[in-house]
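Here's the structure we're looking at; comments come further down.
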There are 2 protein chains.
Amino acid sequence: MSLRHALLGLLSERPASGYDLLKSFDTSLANVWPATQSQIYTELSKLADAGLISVTAEGPRGRKEYTLTDAGLAELRHWLTETKPQRNTRSEVLLRVFFLGVLTPEQARGYLTELIKLSEQAHENLRHLDESIDWDGDNLSVCGRITLEYGLRFNAMRREWAEWAVGQIR
Amino acid sequence: MSLRHALLGLLSERPASGYDLLKSFDTSLANVWPATQSQIYTELSKLADAGLISVTAEGPRGRKEYTLTDAGLAELRHWLTETKPQRNTRSEVLLRVFFLGVLTPEQARGYLTELIKLSEQAHENLRHLDESIDWDGDNLSVCGRITLEYGLRFNAMRREWAEWAVGQIR
DNA sequence: TAGTGACATGTCAAGAGTGGAAGGTAGAAT
DNA sequence: ATTCTACCTTCCACTCTTGACATGTCACTA
């Protein structure tokens with residue numbers, strides 16, 4: 001049910017339409033909890049039916065602006081404080097590394113070298129994103145900053161690890 | 001289609017039954033690509049129908065031992081060399097961090113403190129696992145070692161990051 | 001005025017993943 | 001002899017996720 005809570009979380013920052021939320025999922029949440037358009041619109045309808053969000057404005061092109069209700073905020077807080085993350089993370093990248101042994105050493109090193117490049121690129125992208133945002137000091141913003149820092153550290157770690165791994169393959 | 005390839009990968013190491021594979025998913029692949037029993041047995045049937053694996057022995061308790069076929073090995077190699085990982089990673093833990101701003105600073109710090117503990121525990125578990133395995137020098141084993149090292153570094157990174165993050169919340 | 005691109009939503013089929021029920025065998029311990 | 005535990009498979013109902021199709025508005029520009 002994480003998509004549900006991701007939507008509630010985004011709406012806790014400011015009211016938004018499905019289209020706005022879709023953009024958030026494509027940018028800030030892309031590497032945290034990706035979601036597609038169909039999923040978002042479907043879930044928004046359900047959330048509205050459940051009374052956790054409500055339509056507070058209708059704009060020009062059929063645009064519907066949703067706002068978090070009190071019940072929605074309560075549900076979000078409940079999720080954060082009373083439940084634990086259960087899903088284990090899945091990483092297709094790592095899964096591939098696990099089976100690199102069926103390839104020749106050259107092929108395996110090639111894969112890891114690719115990975116180094118990808119990590120560097122991702123790191124650069126995040127660095128630019130970081131610089132383009134002016135983080136005002138509120139609590140929400142602090143959490144965005146913290147999440148971005150995670151990405152930065154993650155990519156740095158991954159690059160160092162992949163460099164080490166290349167040397168391990170004989 | 002990653003589950004499919006995870007199964008082919010495990011069977012490339014040695015023939016195994018659904019039950020054996022289930023145990024692999026619960027241990028070595030638990031933090032890479034978790035899968036449930038129903039998923040595994042279903043996929044094994046499909047893989048056998050597709051001729052990528054075949055039943056090579058039937059044991060005592062209805063046990064069926066599957067072996068990778070040549071077609072299966074080819075498919076595994078094709079997946080590793082010709083296709084790219086597409087799925088973005090999903091992290092419920094990080095998603096929660098992103099929305100920690102709706103909580104009080106104490107609650108938010110509490111969550112991050114929990115995370116530090118979890119990371120330390122996970123790190124310890126992996127360290128013990130590492131020590132209990134005697135890594136012989138073949139290529140498959142090297143990849144297992146590399147994957148485990150990733151976990152070690154990942155948890156260390158996560159702990160440091162969470163410690164830093166606690167200090168960021170005012 | 002016709003076309004393009006950003007804005008905006010809705011729906012559906014198919015595939016992937018979850019959780020549990022159900023059933024059966026073999027070996028070991030009480 | 002019985003029970004317990006580990007072994008082992010199959011099936012089902014459900015939710016989540018993906019990708020594609022369908023539809024329409026508004027602003028700009030060639």
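Brief remarks follow.
- Counting the residues of the range B:61-88 that are within 12 Å of DNA strand D (Cβ to nearest atom) and touching a residue at least 12 places away in the same chain (Cβ under 8 Å) gives 5.
- Residue satisfying all of: in the range B:7-48; modelled with pLDDT under 95 and of a type in the set (Asp, Glu); nearest to residue A:100 (Cα to Cα) among these: B:13
- For the range A:65-91, the tally of residues that are within 16 Å of DNA strand C (Cβ to nearest atom) and closer than 28 Å to residue A:18 by Cβ stands at 11.
- Residues within the range A:32-60 that are over 30 Å from residue A:89 (Cβ atoms) and either in contact (Cβ under 8 Å) with a residue 24 or more places away in the chain or touching a helix residue (DSSP H, G or I) at 6+ places or on another chain (Cβ under 9 Å) (or both), tallied: 6
- Considering residues of the range A:10-19 that are away from DNA strand D (no atom under 14 Å from the Cβ) and small (Gly, Ala, Ser) only, the residue farthest from residue A:80 (Cα to Cα): A:16
- The listed residue being acidic (Asp, Glu) and closer than 30 Å to residue B:1 by Cβ, out of A:65, A:163, A:149, A:75: A:163
- Failed item in (1) open to solvent by 20 Å² or more (accessible area, probe 1.4 Å); (2) at pLDDT below 95, with residue A:160 passing the rest: (2)
- Single unsatisfied condition, residue B:143 versus (1) more than 9 Å from chain A (Cβ to nearest Cβ); (2) at pLDDT below 95; (3) surrounded by 17 or more Cβ atoms within 10 Å (Cβ to Cβ): (1)
- Options A:124, A:160, A:106; residue that is among the acidic types (Asp, Glu) and either under 29 Å from residue B:108 (Cα atoms) or within 19 Å of the chain's Cα centre (by Cα) (or both): A:124
- Selection count where residues are under 18 Å from residue B:168 (Cβ atoms) and hydroxyl-bearing (Ser, Thr, Tyr), scope the range A:105-144: 1
- Residue check, residue B:15 more than 15 Å from the chain's Cα centre (by Cα) and within 27 Å of residue B:132 (Cα to Cα): yes
The values are calculated or read from the model by the stated rules, or taken from the named source; none is laboratory data. Since the model is a prediction, treat every value here as computed from it, not as a measurement. Note: ideal-geometry Cβ built from the backbone for every residue, glycine included; neighbour counts use all protein chains shown. For the accessible areas, the whole protein counts, side chains as well, though only heavy atoms, and no ligand, DNA or RNA atoms are used. Shrake-Rupley method; radii C 1.70, N 1.55, O 1.52, S 1.80 Å.
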